[in-house]
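Undergrad: Before we start, here is the structure in question, set down as structure tokens.
The values are calculated or read from the model by the stated rules, or taken from the named source; none is laboratory data. What you see is a predicted model, and the numbers here were worked out from it, not measured in a lab. In this analysis, Cβ positions are derived from the backbone assuming ideal geometry, glycine residues included, and neighbour counts consider all displayed protein chains. Surface areas here come from the heavy atoms of the whole protein model, side chains and all, with no ligands, DNA or RNA. Shrake-Rupley method; radii C 1.70, N 1.55, O 1.52, S 1.80 Å.
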Amino acid sequence: MTAKAANPFRKAQFLVSANRLEQLPADTGAEVAFAGRSNAGKSSALNAICDQHGLARTSKTPGRTQLLNVFPVGDPAHRLVDLPGYGYAKVPEAMRLHWRGVIDTYLRTRASLKGLVLVMDARHPLKDFDRHMLEFGAASGRACHCLMTKADKLSRSEGLRTLAAVRKELATLAPDATAQLFSSLAKTGLDEARALVAGWLGL
């Protein structure tokens with residue numbers, strides 16, 4: 001999947017931003033959700049995977065993804081879902097609690113959800129939120145993949161050490177979860193990430 005023409009995610013288009021679950025498309029087909037702390041580079045990762053510069057909204061201000069953004073991949077039955085960033089967003093507590101409830105219910109009840117991509121900064125992996133999401137995924141039987149972004153900020157040896165440490169912790173925390181190094185800027189790990197998400201979606 002190295003040629004641009006072979007990347008099915010180039011067909012991804014924005015469909016809807018949902019504040020409530022009932023605003024999402026019908027719960028059929030296959031979805032892959034992207035979750036992560038507000039400063040982890042989630043939107044940049046989505047854009048890189050889809051080879052589209054402005055598909056998901058990016059900002060220098062963390063936490064700008066405040067709704068569940070849905071992107072069908074060529075066919076409405078195959079969708080990517082960008083979940084609200086968690087952590088540094090400067091929003092009222094009531095809104096933060098609303099997001100938490102919506103995301104929790106979505107992850108627990110969405111039948112079409114085939115996997116969760118957990119985006120984390122490779123320099124600061126496995127924070128409390130990341131561990132919580134992985135434990136939830138393991139308990140609910142959801143497939144989880146850790147996308148360790150900003151790997152270009154680490155030397156090759158640092159990156160490999162960090163990846164080994166994360167995989168070691170996953171063996172206890174969420175034994176079925178997988179992890180990889182990724183960089184939107186350096187294009188590191190793009191083919192691996194695309195192949196995994198495409199497999200979950202049945203593309």
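Undergrad: Identify the single condition in (1) within 22 Å of D75 (Cβ to Cβ); (2) within 18 Å of the chain's Cα centre (by Cα); (3) at pLDDT 90 or above that G36 does not satisfy, given that it satisfies every other one.
TA: Failed condition: (1).
Undergrad: May I ask you to say which residue of L185, L201 is open to solvent by 60 Å² or more (accessible area, probe 1.4 Å) and in contact with a Lys or Arg (Cβ under 9 Å, 6 or more places away or on another chain)?
TA: Being open to solvent by 60 Å² or more (accessible area, probe 1.4 Å) and in contact with a Lys or Arg (Cβ under 9 Å, 6 or more places away or on another chain) holds for just one of L185, L201, which is L185.
Undergrad: Against the conditions (1) open to solvent by 20 Å² or more (accessible area, probe 1.4 Å); (2) touching a residue at least 40 places away in the same chain (Cβ under 8 Å); (3) under 22 Å from L173 (Cα atoms), where does R100 fall short? Just the number, please.
TA: Condition (2) is where R100 drops out.
Undergrad: Among residues belonging to the range 125-158 that are under 21 Å from V197 (Cβ atoms) and of a type in the set (G, A, S), point out the one that is surrounded by the fewest Cβ atoms within 10 Å (Cβ to Cβ).
TA: Applying the filter and picking the extreme gives G141.
Undergrad: Within the range 165-181, work out how many residues are touching a Lys or Arg at 6+ places or on another chain (Cβ under 8 Å) and open to solvent by less than 30 Å² (accessible area, probe 1.4 Å).
TA: Residues that pass the stated criteria total 1.
Undergrad: Filter the range 123-148 down to the residues that are within 13 Å of E169 (Cβ to Cβ), aliphatic (A, V, I, L, M) and assigned to a strand (DSSP E or B) and list them by number.
TA: Residue satisfying the conditions is M148 alone.
Undergrad: Failed condition for T162, given (1) among the hydroxyl-bearing types (S, T, Y); (2) more than 18 Å from the chain's Cα centre (by Cα); (3) open to solvent by 50 Å² or more (accessible area, probe 1.4 Å), with all others met?
TA: T162 satisfies every listed condition except (3).
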